[in-house]
């Protein structure tokens with residue numbers, strides 16, 4: 001059997017590859033204390049109280065409306081650390097560049113990385129650079145890794161949670177969601193996906209939709225100070241559909257969301273209707289989805305909306321043991337099962 | 001304007017009206033996009049709560065294109081042709097895998113939103129033989145025809161798998177017993193062919209029909225108009241989608257289709273062969289006809305055609321005619337699953353068996 | 001059968017037109033229709049396949065209101 005594009009698209013095919021192939025070979029129990037391990041398949045791992053994650057960035061095109069691979073590679077790793085309740089400390093970045101890649105493009109990307117590091121307050125402290133033959137790679141790949149430590153406000157956040165319901169564990173793992181928790185999304189969905197799709201050869205179009213790519217650690221810190229958050233995720237590959245299904249599967253609870261509450265920009269909706277694609281299945285690079293204790297939902301929503309990155313935050317639904325998987329109440333009152341996407345969304349004619 | 005057709009206030013009223021009619025009817029639509037509207041807005045549950053069961057008939061490229069035609073496309077890809085396809089067909093499995101599997105082996109398979117993008121590839125890369133896998137019905141066939149009627153480069157070929165809807169509806173009605181009380185007709189096929197071609201079917205088979213659009217309210221209103229016909233014993237062709245569909249359709253598009261394609265008998269997945277239900281390129285476009293231009297590359301496949309018969313026990317034909325439910329088919333959830341689908345009802349991600357499989361498991 | 005959605009015609013040049021799907025613009029083929037700037041078309045797979053009759057669209061909305069209003073009292077169900 002061969003690796004296909006679907007295996008890398010953040011949906012069911014990728015989950016099967018990870019569970020049945022990768023984990024089978026790589027998992028073993030180490031001597032050191034691993035609180036959030038490989039098997040948890042969470043946004044980051046926690047080893048000896050160090051939060052640790054890595055991500056490779058293969059976005060095409062390298063420069064797109066609203067950002068580039070530089071902003072994307074720094075933001076992605078900063079966000080993967082922050083959604084665990086960690087304060088991101090430092091990043092590494094490894095470049096693999098194709099022979100013949102223009103130097104001024106490389107400099108533009110480095111400049112974006114610096115600005116994003118500054119905005120997040122997280123430096124790149126180590127790295128590596130490799131060059132491969134011209135035809136071995138189209139352009140450039142950036143792999144970033146990052147370490148973080150427990151954010152001061154995480155303990156206070158968990159203390160607030162425990163005032164309303166029990167909460168085991170010390171980190172915001174995907175498996176913490178319980179019946180009655182409220183689901184919040186920090187802004188409009190599908191912006192990044194549409195910004196990239198508009199360039200895809202074979203189905204391009206013009207739109208003023210820009211990628212939402214940005215670091216979110218400051219916004220998350222603000223929400224943690226409010227207190228009451230039990231789980232967080234950045235809905236990148238596979239979009240909101242994948243992120244919510246991971247919450248539901250890992251926590252063993254259903255999730256019901258309401259189509260009318262989900263913020264979607266008009267142009268994103270129009271692009272998805274034209275191509276026959278579901279806005280819940282395409283990537284976001286500057287959004288998080290949170291599960292919070294019901295009693296704190298309004299306060300957290302307010303806190304998010306006070307930040308620039310979270311001004312369009314909305315409550316979109318709640319966890320419920322009366323439902324299995326992720327179910328959406330549609331705008332005309334029906335109910336639809338929201339599945340994790342199979343692979344990358346492609347335009348359909350029917 | 002587009003989104004005024006989704007106001008949930010009107011939706012509630014239609015549901016109330018339907019409830020007052022205390023219905024117990026089963027209607028069929030023959031369109032993947034109607035199935036998408038049904039599933040995406042959760043209308044199937046809404047309708048069954050008011051006594052209306054909506055069945056999906058053979059009407060989306062994914063579920064009616066035969067495994068043999070998919071194998072033709074993957075074979076040409078493996079012979080080094082550049083195969084260009086709509087996204088719908090790329091993941092559909094067949095003997096020898098899907099087009100995406102072929103791409104993973106290094107074949108040149110590309111996904112496009114329009115046949116024009118395929119022509120652009122052929123113009124941009126004259127050294128490649130570019131084969132456009134032309135699926136779809138009377139809505140899509142005119143776009144392939146328009147592409148061929150404007151000057152296309154000699155290295156642009158069409159592998160035609162276009163099909164026609166009215167003959168499929170008649171084939172279902174002729175197959176024998178049919179527990180379907182009425183049809184919801186596909187709005188965009190009807191945009192091209194108009195409402196007239198359906199008149200003969202209502203007259204001959206005494207079955208009511210409503211041409212409906214694809215916003216949730218279009219479909220709800222279509223079901224309401226169909227329920228009224230059934231209650232009043234009428235068998236007419238009504239047009240809910242009058243803002244787009246005219247009685248004689250788009251004559252310009254029909255002429256272009258007729259100029260490029262001739263009608264042929266063809267096989268539909270899960271159904272016996274349906275007379276005059278397929279389109280193939282006319283002789284005057286032979287030099288662009290992939291099945292002729294690459295006859296020897298496809299010859300060996302033709303000899304193995306028996307391999308492409310549906311496994312015995314496939315009862316899609318009966319499911320499509322509303323005679324049985326998915327679990328009554330011996331292959332359901334055993335030989336026939338979403339990962340390895342057999343008939344049309346399981347192949348498409350929104351097909352009735354695919355959905356039944358998911359709801360049953362959830 | 002076929003995904004097709006409305007778009008407003010911004011410019012027409014021979015058998016091509018620039019249309020707006022509501023914040024998304026694209027160049028589409030209009031050989032299958034006769035269309036003028038400002039009209040709405042239904043676009044499928046990069047081709048305009050029909051011009052939307054705007055009065056008919058308003059008619060449809062009005063018709064729905066009438067049907068749902070007029071039949072407020074339940075129809076006599078003889079079956």
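Where a number appears in this text, it was derived from the coordinates with a stated rule and is not lab data. Bear in mind that the values here come from a model prediction, so they are computed numbers and not experimental data. All Cβ positions, even for glycine, are placed from backbone atoms using ideal geometry, and neighbour counts span all protein chains on display.
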Open item on the list: Explain nothing, just the number: relative contact order of segment C:5-72, from Cα pairs under 8 Å at least 6 residues apart, as a whole percent.
Closed with: 25 percent
TODO: Please give the average number of partner chain Cβ atoms lying within 10 Å of the Cβ of each residue in B:181-192, rounded to a whole number.
DONE: 3
- [ ] May I ask you to list the residues of segment B:142-169 whose amide nitrogen lies under 14 Å from a point 7 Å from Cα along the Cα→beta-carbon direction of residue B:123?
- [x] B:147-156
- [ ] For segment B:90-150, divide the Cα radius of gyration by the Kirkwood radius and give the resulting Rg/Rh value with two decimals.
- [x] 1.00
Open item on the list: Taking every alpha carbon pair in segment C:7-48, what does the distance histogram look like in 10 angstrom bins from 0, in percent?
Closed with: 35, 62, 3
Open item on the list: Between residue B:287 and residue B:299, what is 0.36 nm times their sequence separation minus the Cα-Cα distance? Round to one decimal in nm.
Closed with: 2.6 nm
- [ ] Would you mind putting C:20-30, A:148-158 in packing order, based on average other-beta-carbon counts within 10 Å, highest first?
- [x] C:20-30, A:148-158
Task: Residues A:23, A:91, B:331 arranged by fewest to most Cβ contacts within 10 Å - done: A:23, B:331, A:91
Task: Pairwise centroid distance, computed over Cα atoms, of segment B:142-159 with segment B:183-209, Å - done: 29 Å
Task: Gain on full stretching of the segment that runs from residue A:47 to residue A:324 - 0.36 nm per residue minus C-alpha separation - done: 96.5 nm
Open item on the list: What number results when the radius of gyration of segment B:230-361, computed over Cα atoms, is divided by 2.2 N^0.38 Å?
Closed with: 1.41
Task: Relative contact order (percent, whole number), chain B, Cα cutoff 8 Å, 6+ residue spacing - done: 19 percent
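Can you work out the FRET efficiency for the pair residue B:95 and residue A:17, with r the C-beta to C-beta distance and R0 = 25 Å, to the nearest 0.05?
Step by step, r from the Cβ atoms, then E = 0.55.
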Open item on the list: Suppose the chain between residue B:205 and residue B:276 were pulled fully straight at 0.36 nm per residue; how much longer would it get relative to their current alpha carbon spacing?
Closed with: 23.7 nm
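Rounded to a whole number of µm²/s, how large is the Stokes-Einstein D of the protein assembly as shown at 37 °C and 0.692 mPa s, given Rh as the Kirkwood radius over C-alpha pairs?
In µm²/s, the coefficient rounds to 118.
Shielding by partners for B:56-63, please: the mean number of other protein chain Cβ atoms within 10 Å of each residue's Cβ.
Shielding by partners across B:56-63 averages 2.
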Task: Values of log10 I(q)/I(0), in the order q = 0.08, 0.11, 0.12, 0.18 Å⁻¹, for segment B:62-215 under a Debye, Cα-only, solvent-free model - done: -0.29, -0.53, -0.61, -1.04
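Can you figure out the FRET efficiency of residue A:294 with residue A:337, using R₀ = 22 Å and their beta-carbon distance, to the nearest 0.05? Mind showing how you got there, number by number?
Numbers: r = 24 Å, r/R0 = 1.10.
The calculated FRET efficiency here is 0.35.
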- [ ] Quick one: grab the alpha carbon gyration tensor of segment A:153-337, order the square roots of its eigenvalues as a ≥ b ≥ c, and give me rounded if a/c is under 1.5, else prolate or oblate depending on whether a/b is larger than b/c.
- [x] prolate
TODO: Quick one: Debye curve from the alpha-carbon atoms of chain B only, equal weights, vacuum; give me log10 I(q)/I(0) at q = 0.07, 0.09, 0.15 Å⁻¹ to two decimals.
DONE: -0.30, -0.51, -1.34
Task: Radius of gyration, Dmax [segment B:244-304; alpha carbons; angstrom] - done: 15.2, 46
Open item on the list: Restricting to bridges with both residues inside segment A:221-350, how much of the DSSP beta-bridge set is antiparallel, in percent to the nearest 5?
Closed with: 75 percent
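When every alpha-carbon pair in segment B:18-87 is counted, what percent end up more than 18 Å apart? Write out the running numbers ahead of the final one.
On the way: 1334 of 2415 pairs.
Cα-Cα pairs of segment B:18-87 separated by over 18 Å account for 55 percent.
Across peptide A:56-65, what mean number of C-beta atoms from other chains lies inside 10 Å of a residue's C-beta?
0
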Open item on the list: Applying a 10 Å radius around every beta-carbon, put B:17-26, A:182-191, B:73-82 in order of their mean neighbour count, most first.
Closed with: A:182-191, B:73-82, B:17-26
Task: Segments B:189-202, A:316-329 sorted - mean Cβ within 10 Å per residue, highest first - done: B:189-202, A:316-329
Task: Dimensionless Rg/Rh of chain C - Kirkwood Rh, Rg from C-alpha atoms - done: 1.22
Open item on the list: Given axes a ≥ b ≥ c from the Cα gyration tensor, I'd like to know whether segment B:1-51 is rounded (a/c under 1.5), prolate (a/b larger than b/c) or oblate.
Closed with: oblate
Open item on the list: What does the C-alpha gyration tensor say about the overall shape of segment A:5-149? Classify as rounded when a/c is under 1.5, otherwise prolate if a/b is larger than b/c, or oblate.
Closed with: oblate
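Round to the nearest 0.05 the FRET efficiency obtained for residue B:150 and residue A:199 when R0 = 25 Å and r is the Cβ-Cβ distance.
0.45
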- [ ] Over segment A:153-337, calculate the relative contact order: mean separation of alpha carbon pairs under 8 Å at least 6 apart, over the residue count, as a percent.
- [x] 37 percent
TODO: Using Cα centres only, tell me the gap between segment C:1-66 and segment B:10-38 in whole Å.
DONE: 26 Å
TODO: Report P(r) for segment A:170-277: all Cα-Cα distances, bin width 10 Å, range 0 to the bin holding the largest distance, values in whole percent.
DONE: 12, 39, 32, 15, 2
Open item on the list: To check my understanding: the extent here is largest minus smallest coordinate of the Cα atoms along each principal axis. What are those three numbers for chain A, in Å, largest first?
Closed with: 58, 53, 45
Task: DSSP bridge pairs, the protein assembly as shown: antiparallel proportion in percent, nearest 5 - done: 65 percent
- [ ] For segment B:57-121 and segment B:262-335, compute the distance between their C-alpha centroids and round to whole Å.
- [x] 15 Å
